[in-house]
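Below is one structure; the comments refer to it alone.
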Amino acid sequence: MSWNSTVTCSWCYKTGHNRRGCPDRRAYIANNPNSYEAIRQKADKESQASRKCTYCLRRGGHNRRTCPVLQSDRAFLQQRLSEARPSALQTLHEAGFGIGALVVDQYWDRLIMVTSISWEGIDCVGINGHDNDQIVFRGRQVGGPHARSAKECSASVPLRDLASTVLSATSKSGLKPPAGWADGTSFDESRWFDKKSSRDYFFREENHFSS
């Protein structure tokens, strides 16, 4: 690549493509099947075919970026989120949970006023159903044995217990999910598709992809 970001082919020295995609090189290989370039290209293809995708762990000439299983899982997750999240949002509305609500954190015996909500953590697509989902939020501690020493804090409440933990409800104006949340296009990337991990167990159980 030259200094002005234009790709220059190292085979024909023309711009707009690289050596691998060079039409002149392809024509040369087709006309000279026993040449060094032809042998080199064959070796490259065999090497790519033997590589294992870090996501699906299959060998098939693709990598994580082009993995068809990963693409299928993304579409599957978006569909499941778009189906489950409206119901979860309704539960939040009915409980009066939102910015400004007073919530009892029974585990730490404290009263918290909600200041922000971790929307991407509300996925509602667990194998056992969304009742096990935790609503993670940040707030200001306003009551409890340590209220004076702790101003800002993080907490979580199971969605199924939300109605019994909201002490003082907020209006619907205090509950506005970000764009992309309701339709499933916004989610915690590191949770579902961590680049350091292979395919999540959830997809292996729920999305029976076949190539």
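The values are calculated or read from the model by the stated rules, or taken from the named source; none is laboratory data. Just so we're clear, the structure is a prediction, and the values are computed from it rather than from any experiment. Cβ: placed from backbone, ideal geometry, glycine included. Neighbour counts: every protein chain shown.
Could you check region 166-207 and list, in sequence order, the residues that are among the polar types (S, T, N, Q) and closer than 18 Å to TRP119 by Cα?
THR170, SER171, SER173, THR185, SER186, SER190
With the requirement that a residue be part of a helix (DSSP H, G or I) and of a type in the set (Val, Ile, Thr), what does region 154-208 give you? If you could, list the steps in order and put the result at the bottom.
Step one: of region 154-208, the residues part of a helix (DSSP H, G or I) are 159-165, 172-174, 189-192, 201-206.
If the condition is that a residue be part of a helix (DSSP H, G or I) and of a type in the set (Val, Ile, Thr), then THR165 is the only one that fits.
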| remark: Scanning region 113-135 for residues that are assigned to a helix (DSSP H, G or I) and either over 14 Å from the mean Cα position of the chain (by Cα) or outside the structural domain of GLU83 (by TED's automatic domain parsing) (or both), the one modelled with the highest pLDDT turns out to be ASN132
| request: Within region 58-99, track down each residue that is part of a loop (DSSP other than H, G, I, E, B), modelled with pLDDT of 90 or more and surrounded by fewer than 17 Cβ atoms within 10 Å (Cβ to Cβ). | output: ARG64, ARG65, THR66
